[in-house]
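Just so you know, all these numbers are worked out from the coordinates, no wet-lab data involved. These numbers come from a predicted model, not from an experiment. Heads up, the Cβs are rebuilt from the backbone with ideal geometry, glycines too, and the neighbour counts pull from every protein chain shown.
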Amino acid sequence: MAIKITDECINCGACEPECPNNAIYEGGVEWRIADGTTVKGSYTLKEGTTIDADQANAPISVDTYYIVPNKCTECQGFHEEPQCAAVCPVDCCVPDEMYQETVDELLAKKEKLHI
């Protein structure tokens, strides 16, 4: 499953540079699939919607850092554990129950993001 950042986030920013998929954004910042990935052109999100990889998308959170579930691979294929959770000083990077994914699914997502 993807990782999410809870409301306990203190906006320290420690997590953002640790993400190998550039899936973490500061609150209020628009996100793009292309940010930090090799994706170009059309990209199909997990829920089936197709967007342009360079399309600016509305922030998921305005007040705190957030993780884009369609880009989060829990660091599978990069690290042994999610790096955001490893560096978070307040333990607010936790599994997101809304996005249940197997290790194989996370690895496939990683391959799709980094062709």
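Some notes on this structure:
- Helical contribution to [θ] at 222 nm, DSSP H n ≥ 4, -39,500 (n - 2.57), averaged over the chain, rounded to 500: -3500 deg cm²/dmol
- If R0 equals 41 Å, the separation of the Cβ atoms of ASP104 and THR6 corresponds to a calculated FRET efficiency of about 0.95.
- Compactness of the chain, taken as the C-alpha radius of gyration over 2.2 N^0.38 Å, stands at 0.98.
- Selection from ALA85, CYS12, VAL68 lying farthest towards where the dipole of the chain points positive, charges on Cβ: VAL68
- The phi-based Karplus calculation (6.51 cos²θ - 1.76 cosθ + 1.60; θ = phi - 60°) puts the 3J(HN,Hα) values of segment 18-26 at 7, 6, x, 9, 6, 8, 10, 10, 5 Hz, whole numbers, x for Gly and Pro.
- Per-peptide average of other Cβ atoms within 10 Å, ordering 15-23, 40-48, 64-72 highest first: 64-72, 15-23, 40-48
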